[in-house]
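S.K.: The structure follows.
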Amino acid sequence: MADTHALGACAVRRGGSTPLTRTINYINLELGGIFLKTEVEELEKNKVILKVEVPKENIKKAIDEAYKSIAKKVNIPGFRKGKVPPKIIDINVGEEAIIDEMLRQLVPFSYAQAVEKTGIEPIDVPEIEVKEAKKDKVNFHAKVDVKPKVKLGDYKKLKIKRAKAKVTDKEINQQIEMTRNNFASLEVAEDKTISEGDFALIDFDGLVDGKSFETGAAKDYLLEIGSNAIVPDFDKNLIGARKGEVKEFEVNIPPKFDIKAIVGKTVKYKVFVKELKQKVLPELNDEFAEIVGGFKTFDDFKKDLKEKLEEAKKFKAEEEFRRNILDEVANGAEVDVPDIMVKRTLAEMVDEFFLSLQTRGVSPEDYFTATGSNLEELKKSFHERAEERTREELILEAIAKKENITAGEDEVDNEVKVVAERVNEEENKIKEVLREKGILTKIKEDILIKKALEYLVEQAEGITKSKKGEDVKNAE
């Protein structure tokens, strides 16, 4: 007989057999003075079978609880609910129901204890198969995917250098010109031909095979020449034209273009130039500095701009430094990344992306409509990075374990505090909610990953400093 019992989302089966391959270890686990016999069997890749034999003392406690639970549910004439004696329950309900209720309570507890004591790290819900279930003997197998083993390279000898965050005069001037362009004004140019960078107020009509198409025509359209805002090569056909002139030309649309109706086709355009405007740039003086940022002088504006560019460069250099460290460590490690972990990382990345859209006031539906894509295409675009991120996290976790890096309760509480403040709720309540949803464990893992990366940064910096010291010594 094969019965199914609840263990969260796990499949629990009574009876049957499971092929085992290689025995890894065989140990006795002590649970509050009671020994839980456990055997771990390794299958292919990252699967294991955890064999558990439950001690009689635990079975007896679970049987007692099963009787109490059933007594509260059954209606038996002559007895109040919750007050039905075990013998009466045996007669009216049967031993099979008692054992089923006992397993429902006993198996999840025993599985959790066996996982904790053996140190395996499940990454999915287990498939539980009850091999023997009696009032004095219970043993079961739990087949489950676990975190893969990571073979680390030499992560303590990193040859990574942090880029210098130096800002050049050219970069400062480029930024000034960009700001200057943003504050430019448009003035009508009466006696001038169109050139790159000008703005033309136009009416246009486009035809494909003699027919109009969506977005193919517009009135009073202000076009910046060189922006290619309408279709590729449209703008260049207007260069040299004057106000009041009508231009007719053809444009070949490339195979890859946003407007599907005209992809790969030839569009015939008729354009009337109604007005020509020139961009007039403001003078670079103290008045400009006041307008763009409330600075007293242009030198103050330039100084502030330089500081911000340096800060941005330092941030970028730090990001690249850490990215290069992680790449080198990952290249030197070996790990078989499970698909289920990649899928979870992918789901996290999609959630993060949607949250970033939300902060900008854009819904997922609006994004998909604007880009002409869908959820599956978005996941596909994220998949490669999700696999890389999962691999990196596994490697960092392995380094944390090897270097005895831990996440203290105070560090977890600090993260919980941030969440509580964000949702304006009490810390204790938030912590309990996060624990119930399994997010507290994820927070702890994230802290470990961050600390492991900081450890690698320290290793790289230590080597860099050491090399600098040797250079100084040699120079002396």
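The values are calculated or read from the model by the stated rules, or taken from the named source; none is laboratory data. Since the structure is predicted, the reported quantities are computational estimates derived from the model, not experimental observations. As a convention, Cβ positions derive from the backbone with ideal geometry for all residues, glycine included, and neighbour counts pool all protein chains shown.
S.K.: Give the residue, chosen from L309, L355, that is crowded, with 17+ Cβ neighbours inside 10 Å and not charged (D, E, K, R).
M.R.: L309
S.K.: Ok, one more. Kindly provide the set of residues from region 280-306 that are basic (K, R) and surrounded by 15 or more Cβ atoms within 10 Å (Cβ to Cβ), ordered by number.
M.R.: K302, K306
S.K.: Being among the charged types (D, E, K, R) and under 30 Å from P148 (Cβ atoms), is that true of even one residue in region 353-370? Can you show your working first?
M.R.: Here is the first cut: in region 353-370, the ones among the charged types (D, E, K, R) are 360, 365-366.
Now restrict to residues that are under 30 Å from P148 (Cβ atoms): none.
No: zero hits.
S.K.: Looking at region 57-87, which of its residues are of a type in the set (G, A, S) and either outside the structural domain of Q105 (by TED's automatic domain parsing) or modelled with pLDDT of 80 or more (or both)?
M.R.: Step one: filter region 57-87 for residues of a type in the set (G, A, S), giving 62, 66, 69, 71, 78, 82.
The answer is A62, A66, S69, A71.
S.K.: Restricting to region 390-403, name every residue that is crowded, with 18+ Cβ neighbours inside 10 Å and of a type outside the set (D, E).
M.R.: Across region 390-403, the qualifying residues are T390, R391, L394, I395, L396, A398, I399, A400.
S.K.: Among the candidates V138, V144, V84, which residue alone is of a type in the set (V, I, T) and either within 26 Å of P338 (Cα to Cα) or free of Cβ contacts under 8 Å to residues at least 12 places away in the same chain (or both)? Explain how you work it out, then say what you get.
M.R.: Working: V138 fails: either within 26 Å of P338 (Cα to Cα) or free of Cβ contacts under 8 Å to residues at least 12 places away in the same chain (or both); V84 fails: either within 26 Å of P338 (Cα to Cα) or free of Cβ contacts under 8 Å to residues at least 12 places away in the same chain (or both).
Answer to the check: V144.
S.K.: Could you look through region 406-459, keep only residues that are in contact (Cβ under 8 Å) with a residue 40 or more places away in the chain and charged (D, E, K, R), and pick out the one that is surrounded by the fewest Cβ atoms within 10 Å (Cβ to Cβ)?
M.R.: E445
S.K.: Restricted to region 89-108, and to residues that are surrounded by 15 or more Cβ atoms within 10 Å (Cβ to Cβ), among the hydrophobic types (A, V, I, L, M, F, W, C) and in a helix (DSSP H, G or I), which residue is nearest to the chain's Cα centre (by Cα)?
M.R.: V107
S.K.: I'd like to know if region 361-374 contains one or more residues that are touching a Lys or Arg at 6+ places or on another chain (Cβ under 9 Å) and over 30 Å from D258 (Cα atoms).
M.R.: No - not one qualifying residue is present in region 361-374.
S.K.: Residues that are hydrophobic (A, V, I, L, M, F, W, C) and at pLDDT below 85: which helices (runs of 4 or more DSSP H) entirely in region 367-476 hold 2 or more of them? Spell out how you get there, then give the answer.
M.R.: Working: elements: 375-402, 409-423, 427-436, 439-475.
In region 367-476, the matching helices (runs of 4 or more DSSP H) lie at 439-475.
S.K.: For the condition at pLDDT 90 or above, over 17 Å from G206 (Cα atoms) and touching a helix residue (DSSP H, G or I) at 6+ places or on another chain (Cβ under 6 Å), what is the one hit in I225, I253, I239?
M.R.: Details: I253 fails: over 17 Å from G206 (Cα atoms); I239 fails: touching a helix residue (DSSP H, G or I) at 6+ places or on another chain (Cβ under 6 Å).
Being at pLDDT 90 or above, over 17 Å from G206 (Cα atoms) and touching a helix residue (DSSP H, G or I) at 6+ places or on another chain (Cβ under 6 Å) holds for just one of I225, I253, I239, which is I225.
S.K.: Could you count how many residues in region 145-157 are over 10 Å from I120 (Cα atoms) and in a strand (DSSP E or B)?
M.R.: Adding up the residues that qualify gives 1.
S.K.: Follow-up. Just the residues that are surrounded by 13 or more Cβ atoms within 10 Å (Cβ to Cβ) and either at pLDDT 95 or above or of a type outside the set (A, V, I, L, M) (or both), please, taken from region 313-324. Write out each step before concluding.
M.R.: The initial filter retains those residues of region 313-324 that are surrounded by 13 or more Cβ atoms within 10 Å (Cβ to Cβ), namely 313-314, 317-318, 320-322, 324.
Scanning region 313-324 gives K313, K314, E318, E320, F321, R322, N324.
S.K.: In the list K247, K256, which residue meets the criterion of being loosely packed, with under 14 Cβ neighbours inside 10 Å and free of Cβ contacts under 8 Å to residues at least 40 places away in the same chain?
M.R.: When all the criteria are applied, what remains is K256.
S.K.: How many residues does region 188-232 contain that are charged (D, E, K, R), surrounded by 15 or more Cβ atoms within 10 Å (Cβ to Cβ) and part of a loop (DSSP other than H, G, I, E, B)?
M.R.: So the answer is 1.
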